[in-house]
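Worksheet: one structure, shown below.
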Amino acid sequence: MSAEDFTAHQEPALQDLEVLCNKTGIVGVRPNMLKAEILFQNKDFEQSRSAWDKAASAKKSAYTAPICNYNAAICSENLGDLDSAVSYYLRSLDTDEFYLSDHAYFSLGRVYEAKKEYDNAIAAYEKIVEEHVTSPWASLAKSRIISLNADKAE
């Protein structure tokens with residue numbers, strides 16, 4: 001299938017998904033996730049974020065909720081909405097089972113840096129170092145902590 005064929009099938013797919021996107025529970029989670037992916041590929045970050053949010057809200061206890069919130073945070077960053085990005089990253093980290101928590105903490109720290117909230121950034125980076133010692137993100141977090149503390153000392 002060519003890229004043009006793929007694009008031509010997206011709109012009908014989105015229309016077909018819409019009936020299921022208003023459901024709750026797992027029946028609403030998966031169609032909203034698929035919708036969000038399609039919209040993200042099309043760089044429609046506003047609508048993608050909305051679909052990720054609906055997917056997370058459709059069943060908050062589902063194992064998919066943290067990844068949906070994480071992806072909503074990425075959409076928020078692409079929209080330049082750093083306050084929402086922080087909120088979504090924090091929601092993604094609101095469970096012990098989130099397998100991307102080290103990356104989410106790093107992204108949270110990076111967003112805090114962009115907001116010039118350096119103490120919050122350091123706290124986010126320190127969480128990685130404490131909880132994910134062997135993660136590649138821990139090495140990057142250590143370097144950011146050193147850099148931010150050096151800037152504070154100047």
Criterion: closer than 30 Å to Leu14 by Cα, surrounded by fewer than 24 Cβ atoms within 10 Å (Cβ to Cβ) and in contact (Cβ under 8 Å) with a residue 12 or more places away in the chain - qualifying residue of Lys54, Lys115, Lys127, Lys60: Lys54
Count - residues of region 1-31 that are at pLDDT 80 or above and either in a helix (DSSP H, G or I) or surrounded by fewer than 11 Cβ atoms within 10 Å (Cβ to Cβ) (or both): 7
Failed item, numbered, when Leu79 is tested on (1) within 25 Å of Val133 (Cα to Cα); (2) touching a residue at least 12 places away in the same chain (Cβ under 8 Å): (1)
Ile145 open to solvent by less than 20 Å² (accessible area, probe 1.4 Å), modelled with pLDDT of 95 or more, farther than 30 Å from Gly28 by Cβ and touching a helix residue (DSSP H, G or I) at 6+ places or on another chain (Cβ under 7 Å): no
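Could you tell me whether Asp96 is assigned to a helix (DSSP H, G or I) and either open to solvent by 30 Å² or more (accessible area, probe 1.4 Å) or closer than 27 Å to Lys152 by Cβ (or both)?
Values: assigned to a helix (DSSP H, G or I): no; either open to solvent by 30 Å² or more (accessible area, probe 1.4 Å) or closer than 27 Å to Lys152 by Cβ (or both): yes.
No, not satisfied.
For (1) in a loop (DSSP other than H, G, I, E, B); (2) small (Gly, Ala, Ser); (3) free of Cβ contacts under 8 Å to residues at least 24 places away in the same chain; (4) in contact with an Asp or Glu (Cβ under 7 Å, 6 or more places away or on another chain), each residue gets a yes or a no:
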position: Lys35; (1), (2), (3), (4): no, no, yes, no
position: Ser50; (1), (2), (3), (4): no, yes, yes, no
position: Asn71; (1), (2), (3), (4): no, no, no, no
position: Ser84; (1), (2), (3), (4): no, yes, no, no
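The values are calculated or read from the model by the stated rules, or taken from the named source; none is laboratory data. This is a predicted model, so every value here is computed, not measured. Heads up, the Cβs are rebuilt from the backbone with ideal geometry, glycines too, and the neighbour counts pull from every protein chain shown. The protein model used for the area step is the full one, side chains on, heavy atoms only, and it has no ligands, DNA or RNA in it. Shrake-Rupley method; radii C 1.70, N 1.55, O 1.52, S 1.80 Å.
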